[in-house]
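The values are calculated or read from the model by the stated rules, or taken from the named source; none is laboratory data. Computed from a prediction, not measured in an experiment: that's the story for all the values here. Here Cβ is always computed from backbone atoms with ideal geometry, including for glycine, and neighbour counts include all displayed protein chains.
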Amino acid sequence: MKNEEYRERLQAQIGILENLYDLAGRKREALLKEDLETLPGIIQEEEEALARIKSFEPLEEEEPGEPTPEIRELLMKREYLARQIRELNFFNRELIEDSLAYIRFSLQLFQGQPGSSLYGTDGIKEAPAVNSLIDMRG
C-alpha cells in the first residue's frame with residue numbers, strides 16, 4: 001500500500017472515530033438529562049458509524065521501518081481517540097447500570113420483596129419484611 005493511500009485510510013478512520021466520540025458525548029448528556037427520546041437516534045448513528053469503521057480492512061504498512069512523522073501523528077491521534085471513546089462508553093455504561101439498579105430497587109419495593117437493597121448486599125443490613133405497595137399476585 002502506498003504511503004498516500006495509507007494516510008487517506010487513516011484519516012478516514014480518524015474521521016469516523018471523531019464522530020463516535022461526539023456521539024458518545026451526546027449519549028452521556030442524554031443519559032444525564034434522562035432524555036429518552038434522543039437516545040434511540042444516537043444509538044442508531046453509533047451503529048452506522050461502527051458498521052463503517054468495521055468495513056475497513058486492517059491497515060498494514062507495506063514498507064518496513066519507521067513511519068513518517070505525519071503517519072506517526074495520525075496513528076497517535078487514532079489511538080488517543082479510541083481511548084477517549086472507550087472511557088466515555090465506560091462512563092455511559094456505569095450511568096445505565098446505576099439507572100437499572102435504581103429501577104430494580106423500585107420494582108422490588110413495589111413488589112414487597114424482603115431483603116432487597118439498592119446495591120444487592122444481602123447479609124450486611126437486615127431488612128424487615130416489607131408490605132408491597134401493589135399486590136402483584138393478581
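Restricting 118, 88, 59 to those that are at pLDDT 90 or above and surrounded by 12 or more Cβ atoms within 10 Å (Cβ to Cβ) reduces the list to 88.
Out of curiosity, is residue 94 surrounded by 11 or more Cβ atoms within 10 Å (Cβ to Cβ), closer than 15 Å to residue 31 by Cα and under 21 Å from the mean Cα position of the chain (by Cα)?
Here the answer is yes, as residue 94 does meet what is asked.
Among the residues of region 22-50, just one is free of Cβ contacts under 8 Å to residues at least 12 places away in the same chain, closer than 13 Å to residue 95 by Cβ and in a helix (DSSP H, G or I), namely 29. Within region 62-85, the residues that satisfy the criterion of being among the charged types (D, E, K, R) and modelled with pLDDT of 90 or more are 70, 72, 73, 77, 78, 79, 83. Can you spot a residue in region 51-74 that is of a type in the set (A, V, I, L, M) and closer than 30 Å to residue 103 by Cα? So far as region 51-74 goes, no, none of its residues is of a type in the set (A, V, I, L, M) and closer than 30 Å to residue 103 by Cα.
Within the option set 49, 12, being exposed (fewer than 15 other Cβ atoms within 10 Å of the Cβ) and of a type in the set (A, V, I, L, M, F, W, C) holds for one residue only, 12. Sort out which residues of region 76-101 are without any contact (Cβ under 8 Å) to a residue 40 or more places away in the chain and either farther than 28 Å from residue 36 by Cβ or of a type in the set (Val, Ile, Thr) (or both), and write them in order of number. Correct list: 76, 79, 80, 83.
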